[in-house]
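Shown next, in structure tokens, is the structure this report addresses.
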Amino acid sequence: MIEHTLLHISGITKRFPGVLANDRVGFSIAPGEIHALVGENGAGKSTLVKIIYGVMHPDAGEMHFGGAPYAPARPSEARAHGVGMVFQHFSLFESLSVAENVALGMNKEAVGENLDQQIIEVSESYGLPLDPTRLIGSLSVGERQRVEIVRCLLQNPRLLIMDEPTSVLTPQEVEILFKTLRQLSSEGCSILYISHKLDEIRVLCDRATVLRGGKVVGECDPTRETARSIAEMMIGGALELPEPQKPDLGEERLTVTGLSKESDDPFGVNLDKISFAVRAGEILGVAGVAGNGQVELMEVLIGEVLSDNDTIKIDGMAVGHTNPTQRRERGMCSVPEERLGHGAVPDMSLWENTILSARSHKGMENNGILDLGVAQGFGREIVDEFDVKAAGIASVASSLSGGNLQKFIVGREILQTPTILIILQPTWGVDAAAAADIHRSLQDLAKGGAAILVISQDLDELMLISTNFAVISEGKLSDPLPTGSISIEEIGLLMGGVHSSAGKEVA
Amino acid sequence: MYRLEPRKEISYLLLYLTPVFAIVLTILAGLVLFTLIGKPPLQAISIIFFEPLGDLYAVSEMLVKATPLILIAIGLSFGFRAGVWNIGAEGQFVAGAIAGGSVALGLYEVEGFWVLPLMCLAGILGGMAWAAIPAFLRTRFNANEILVSLMLTYVAILILSLLVHGPLMDPDGMNFPESRIFHDAAVVPILIEGTRAHVGFLAALVAVAAAWFVLSRHIFGFQTKVMGSSPRAARFGGFIENKIIWKCLMLSGGLAGLAGLIETAGPVGQLVPSLPVGYGFTAIIVVFLGRLNPVGILLAGFVMALTYIGGETAQIELNLPKAVTGVFQGMFLFFLLGIDVFTKYRLRHIKPSKTVAGE
Amino acid sequence: MDLTILILQGIIVAATPLVFAAIGELVVERAGVLNLGIEGMMILGAIAGFAVTYDTGSFLAGVIAAAFAGAIAALLFGVLTQVLMANQVATGLALTIFGLGIAALWGQAYSGASTDALDAIHIYLLSDIPIIGPLLFSHDPLVYLSIILVVGVSWFLNKTRAGLILRAVGDNHDAAHAIGYSVVGVRMMALIFGGMCAGIGGAYLSLVQTPLWVENMTAGRGWIALAIVVFAAWRPGWALLGAYLFGGVTVIQLHIQGFGVDIDAQLLSMLPYIVTIVVLVVISRDKIRAKLNAPACLGKPFFGSS
């Protein structure tokens, strides 16, 4: 059995304060196999691959690689064995060049004389062209992933670990990546593919191990399963989806015309003549690959960054020069992408965090004097209504799990009954049941006459809840179209920067 | 092996105990230090830390030294919370002394209850004006306020020296670089008869109470906390960074200026080049030792004042240099910062990994 | 002509301690650490260098002692900020206050004492060339060492793998940790190097510039070195230029009165500090460029979970 196994792990256990991230996990991978590791956020996938790659060390359990005991003390040992890894949050250095980044990720002995030439050769032979002299900061997210992959390929890996690789790619880029992975597999390289996107796994992988709550709960041949059956294995129950809605739309609440803004960040995205409107009752979904101006758009819309006064209007009133507090007073609320450090202050309690964005709506501030009782009451209300699991409203924000903190922040904004809500990645890191709850409360809010802008990288989510749909790419926004009138292929083209009408003229 | 692990919630017990541990560790380190340099360790520690507590004169001197420390530290604490590092309080202290002292000299022999309040106002404005330079350069040109405020300290001290060598020199002072001695209406009244303790200390107490209120009940206190912890969340909350920077620097500059004026019109009684004795720098330690908390700063101000008086006594009795005060102050801060980690992290014993070692 | 050469030589002497301190801090900051304690490490170097030279009569021993003292101080800073995750700004200030205190305590026995200045090395034949000879080839060994150090640091940062790793740690410590580099280890090494440089810079003050011990003799040079690093946009060659610029301002300020210009001494003494502020403003003005140049992780705390 050992001969047909490249990597065999058994009994891997890893404990963090308060969580058992991996509980006696075991499985094996054959040479040339594409093996999926599936599970919800927090199921323990990332911890497990970090153990295999030597970034973390297990508390118990053993691993064998190529038949021999394997316990990498650090990533360089894993690499010396022929294990490569592409991280979900890239381990790249923005101010360094592609070649320097590649060199840093390789063991010293493996860096050849003519690295630039090697990078060009390998990247082209796998259909992932790269210029070794460019700075990482100037690359798109898709190109950055190529750097990570090429870095691994240069070391002739026997096992390539990929952590959620497609969340940052357009559908077309996903196709290219899959071709590369299949080519690698046919050359005998095994791939450990981590994802929670079930359709991809069914197309790409030979076998799948399902994790839930740190434990292996099943192993299957994904080609023989339906997405629904794997999903239910992942969640451990039946899945309930919100009903699609066809609401009546009212007046324009948020109107954006010809919005352009140069980014302050040297590696940021410049917004380029963005125009759209969101009506009362409408949920406008904005799709796009990460790093195409989503965060910049949100910052300008909510007033963290100012723009020309007339470019943004709330209920017909120009607000481009007003600050976030003034826009909130006009009924605009927002949920940023980063929870800790943007949507919430990590070392402040939950009730103190309500003061951050709800102080004027909820009457917590009077001539600068704070009414702490009101803040505590509102904090309690959020925790109750949105089922936030926390020790109490005095718990600091950073002590909550990502999903619970997201529920708290979404709750804080929705319970202010905004007339306009701008929300980024509403369900990132949230479990399926809570995600459905958040989707439902967004739809209820819209039904009540609010205009909602949802910016997300999760196409399925947008298809599910939005009434209209647009794509952001390199700081340009496509014309919004009714959801359902547009195919996934078209969306993919838009995400890759091919614009239908307005975009082309300005390009 | 042992490893640090983040705590789920900050340990408030430890938060308030760390300054006490820091003081104990500093005393222990002091014993070692004095043994090393061949001074009687127990006697030296006793002179520095305990003897001043024994008599009224020393206690009143503690009030004198604690007043500027507390005033300056209260002002700095808001900026330090917000991540606005005004390191130049010493310069603002001098600027306040120059501005307020000039008013006193300009109104020389003018009697009136309003002379002293006018001097205080001038002192506050002088400190604010000096702090306005780093505030302007930071908000307008993005220049680092640490370096600018610090450089301005050297400049302010040189201006003071220039003035008492020239325009503000006492005409009857036989060319000594000193101003006239302030007349009675321009001197801070004495609080405890027969000592140098003056009513400026009451101003420090008012500052402590006001700071406590602002910190716990006012939006400005909240803003500084948010900005220091996560600037992006502050922007999300609609707090304008530049306004907070200005407010923090004006507050710390104003209070440092007031402290400078009180020192000049109180214990010193005239403008002299040796006016700045490092209160502006020691106040930084007071802020940290007091955990950025107004009541903590009040206590820490006394502890630091103690090291000044103890240092002076040690200088006389044991022939130690004045700098021994700085050594103790630096050690305080080191120990405090070093054990501070345990309020946010806990030390955990990790069992060695059971996995088989690599090939 | 002789006066000009004298002034230029004076500039080199004034600039050299700044070159040492700035190049050390530059390496530290490229690794992502902000050590505000340069002033403290310099003064420790000054007293250690002076005391050991005075007691042993050996300049070499003095310089080594100075480097050692700076390194110990930097190690203390490193343990506090890297292992115990203390605030870097506060720890740097503590180091400065502590260093000034310890140095004064140690120096009490040496106040008023003086040593002979370090002899210049006259490079055979070359130093006899008029003008160029005295300017370029007749300095004490530390001047040459400072230049070699700048060239060496430049080569290290841009041409070696270790330098690449150091820059990577300063750019993104989380990524560096994920790939498997020891962030704390790299930063400790950088800090120790920075401490040694600051220590030697301090020793230059007490052994060459004014060969005697005076309390607080660094007089803010540690802070000026910090400004020079910003001025240099974290590039070694520019740090050298910056140090010579500041050295120039200091020396010319001393000579202005000699030229018969009637300005108060205090106003002239302000010049280096005001120039520092002006230079800072000019360099920092462009926010985007400032962001691009500065190491992205500068001053940020790192906690590596494993």
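From A:Tyr53, A:Tyr70, which residue is crowded, with 17+ Cβ neighbours inside 10 Å, modelled with pLDDT of 85 or more and either small (Gly, Ala, Ser) or under 23 Å from the mean Cα position of the chain (by Cα) (or both)?
When all the criteria are applied, what remains is A:Tyr53.
Given the conditions (1) closer than 28 Å to C:Asn87 by Cα; (2) more than 7 Å from every other protein chain (Cβ to nearest Cβ); (3) modelled with pLDDT of 80 or more, and given that C:Asn293 satisfies all but one, which numbered condition is not satisfied?
The failed condition is (3).
Each row is one residue, and each column tells you yes or no for (1) buried (at least 17 other Cβ atoms within 10 Å of the Cβ); (2) over 29 Å from A:Ala435 (Cα atoms); (3) in contact with a Lys or Arg (Cβ under 6 Å, 6 or more places away or on another chain); (4) not polar (S, T, N, Q).
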residue	(1), (2), (3), (4)
A:Gly137	yes, yes, no, yes
A:Ile149	yes, yes, no, yes
A:Glu164	yes, no, no, yes
A:Gly188	no, yes, no, yes
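Give the residue, chosen from C:Leu240, C:Leu254, C:Leu267, that is surrounded by fewer than 18 Cβ atoms within 10 Å (Cβ to Cβ) and either among the β-branched types (Val, Ile, Thr) or touching a residue at least 40 places away in the same chain (Cβ under 8 Å) (or both).
Values: C:Leu240 fails: surrounded by fewer than 18 Cβ atoms within 10 Å (Cβ to Cβ); C:Leu267 fails: either among the β-branched types (Val, Ile, Thr) or touching a residue at least 40 places away in the same chain (Cβ under 8 Å) (or both).
Of the residues listed, the single one that is surrounded by fewer than 18 Cβ atoms within 10 Å (Cβ to Cβ) and either among the β-branched types (Val, Ile, Thr) or touching a residue at least 40 places away in the same chain (Cβ under 8 Å) (or both) is C:Leu254.
Which condition number does C:Gly32 fail, the rest of (1) surrounded by fewer than 24 Cβ atoms within 10 Å (Cβ to Cβ); (2) assigned to a loop (DSSP other than H, G, I, E, B) being met?
Unmet for C:Gly32, out of (1) surrounded by fewer than 24 Cβ atoms within 10 Å (Cβ to Cβ); (2) assigned to a loop (DSSP other than H, G, I, E, B): (1).
Answer yes if at least one residue in the range A:25-39 is under 27 Å from A:Ser186 (Cα atoms), among the hydroxyl-bearing types (Ser, Thr, Tyr) and modelled with pLDDT under 90, and no otherwise. Quick ask: steps written out before the conclusion?
Just the residues of the range A:25-39 that are under 27 Å from A:Ser186 (Cα atoms), to begin with: A:26-39.
Filter once more, keeping what is among the hydroxyl-bearing types (Ser, Thr, Tyr): A:28.
With modelled with pLDDT under 90 added as a condition, the list becomes none.
No: the range A:25-39 contains no residue that is under 27 Å from A:Ser186 (Cα atoms), among the hydroxyl-bearing types (Ser, Thr, Tyr) and modelled with pLDDT under 90.
Between A:Val278, A:Val289, which is within 28 Å of C:Lys287 (Cα to Cα) and either assigned to a strand (DSSP E or B) or of a type in the set (A, V, I, L, M) (or both)?
A:Val289
If a residue must be within 12 Å of another protein chain (Cβ to nearest Cβ), under 26 Å from A:Gln457 (Cβ atoms) and in a loop (DSSP other than H, G, I, E, B), how many such residues does the range A:301-331 contain?
Count: 3.
Which members of the range B:240-254 meet the condition of being over 24 Å from B:Leu125 (Cβ atoms) and at pLDDT 95 or above?
none
Going through C:Ala71, C:Ala94 one at a time, which residue ends up being modelled with pLDDT of 95 or more, out of contact with any strand residue (DSSP E or B) (no Cβ under 7 Å at 6 or more places or on another chain) and aliphatic (A, V, I, L, M)?
The match here is C:Ala71.
Taking A:Val98 and the conditions (1) closer than 18 Å to C:Leu164 by Cα; (2) surrounded by fewer than 19 Cβ atoms within 10 Å (Cβ to Cβ); (3) more than 11 Å from chain C (Cβ to nearest Cβ); (4) within 26 Å of the chain's Cα centre (by Cα), which numbered condition does it fall short on, given that it satisfies the others?
(2)
Quick check on this structure: which one of B:Ala132, B:Ala122, B:Ala143 is in contact with a helix residue (DSSP H, G or I) (Cβ under 9 Å, 6 or more places away or on another chain) and either closer than 18 Å to B:Val268 by Cβ or more than 14 Å from every other protein chain (Cβ to nearest Cβ) (or both)?
B:Ala122
This table checks each residue for (1) buried (at least 22 other Cβ atoms within 10 Å of the Cβ); (2) at pLDDT below 90; (3) part of a helix (DSSP H, G or I); (4) touching a Phe, Trp or Tyr at 6+ places or on another chain (Cβ under 9 Å).
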| residue | (1), (2), (3), (4) |
| --- | --- |
| B:Gln270 | no, no, no, yes |
| B:Val286 | yes, no, yes, no |
| B:Arg291 | no, yes, no, yes |
| B:Thr313 | no, yes, yes, no |
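Return yes when C:Ala66 is within 18 Å of C:Val143 (Cβ to Cβ), buried (at least 18 other Cβ atoms within 10 Å of the Cβ), modelled with pLDDT of 95 or more and within 14 Å of another protein chain (Cβ to nearest Cβ) and no when it is not. Give the steps one after another, and end with the answer.
Numbers: within 18 Å of C:Val143 (Cβ to Cβ): yes; buried (at least 18 other Cβ atoms within 10 Å of the Cβ): yes; modelled with pLDDT of 95 or more: yes; within 14 Å of another protein chain (Cβ to nearest Cβ): no.
No.
With respect to A:Gly11, is the statement that it is within 14 Å of chain B (Cβ to nearest Cβ), over 22 Å from the mean Cα position of the chain (by Cα), surrounded by fewer than 20 Cβ atoms within 10 Å (Cβ to Cβ) and at pLDDT below 85 true?
Criteria not met by A:Gly11.
Are there any pairs, at least 6 apart or on different chains, whose C-beta atoms fall under 7 Å, with the first in the range A:89-104 and polar (S, T, N, Q) and the second outside any helix (DSSP H, G or I), and if so, which?
A:Ser95/A:Leu135; A:Ser95/C:Ala296; A:Ser97/A:Pro132; A:Ser97/A:Thr133; A:Ser97/A:Arg134; A:Ser97/A:Leu135; A:Asn101/A:Leu92; A:Asn101/A:Phe93
Within the range B:45-92, how many residues turn out to be modelled with pLDDT under 85 and among the small types (Gly, Ala, Ser)?
2
Hey, C:Pro141 hits all of (1) touching a helix residue (DSSP H, G or I) at 6+ places or on another chain (Cβ under 7 Å); (2) under 28 Å from C:Tyr204 (Cα atoms) but one; which does it fall short on?
(1)
Output the number of residues of the range B:287-333 satisfying the condition of being within 12 Å of chain C (Cβ to nearest Cβ) and β-branched (Val, Ile, Thr).
5
Among strands (runs of 3 or more DSSP E) lying entirely in the range A:140-258, which contain 3 or more residues that are over 25 Å from A:Ala103 (Cα atoms), touching a residue at least 60 places away in the same chain (Cβ under 8 Å) and not assigned by TED's automatic domain parsing to the domain that holds A:Asp308?
A:207-212, A:215-220
For the range A:193-212, enumerate the residues that are closer than 22 Å to A:His89 by Cα and out of contact with any helix residue (DSSP H, G or I) (no Cβ under 7 Å at 6 or more places or on another chain).
Across the range A:193-212, the qualifying residue is only A:His196.
For the range C:177-203, how many residues are away from chain A (no Cβ under 12 Å) and of a type in the set (Gly, Ala, Ser)?
Residues flagged as away from chain A (no Cβ under 12 Å) and of a type in the set (Gly, Ala, Ser) within the range C:177-203 amount to 8.
Filter the range C:167-201 down to the residues that are aromatic (Phe, Trp, Tyr) and either modelled with pLDDT of 95 or more or part of a helix (DSSP H, G or I) (or both) and list them by number.
C:Phe193
Could you please find all residues in the range B:208-229 being more than 21 Å from B:Leu71 (Cβ to Cβ) and surrounded by 22 or more Cβ atoms within 10 Å (Cβ to Cβ)?
B:Phe222, B:Gln223, B:Val226, B:Met227
Which condition number does A:Ser334 fail, the rest of (1) crowded, with 22+ Cβ neighbours inside 10 Å; (2) more than 9 Å from every other protein chain (Cβ to nearest Cβ) being met?
Here A:Ser334 meets the rest and fails (2).
If a residue must be within 22 Å of C:Leu271 (Cα to Cα) and away from chain B (no Cβ under 14 Å), how many such residues does the range C:205-231 contain?
3
Can you name every residue in the range B:154-180 that is more than 14 Å from every other protein chain (Cβ to nearest Cβ), touching a Lys or Arg at 6+ places or on another chain (Cβ under 9 Å) and crowded, with 17+ Cβ neighbours inside 10 Å?
Matches in the range B:154-180: B:Asp170 only.
Read through the list (1) touching a Leu at 6+ places or on another chain (Cβ under 7 Å); (2) away from every other protein chain (no Cβ under 14 Å), then give the number of the only condition that B:Ser77 fails.
Going through (1) touching a Leu at 6+ places or on another chain (Cβ under 7 Å); (2) away from every other protein chain (no Cβ under 14 Å) one by one, B:Ser77 breaks only (2).
The values are calculated or read from the model by the stated rules, or taken from the named source; none is laboratory data. In this text, all values refer to a predicted model and were calculated from it rather than measured experimentally. For neighbour counting, all protein chains shown are included, and Cβ atoms are generated from backbone atoms with ideal geometry for every residue, glycine included.
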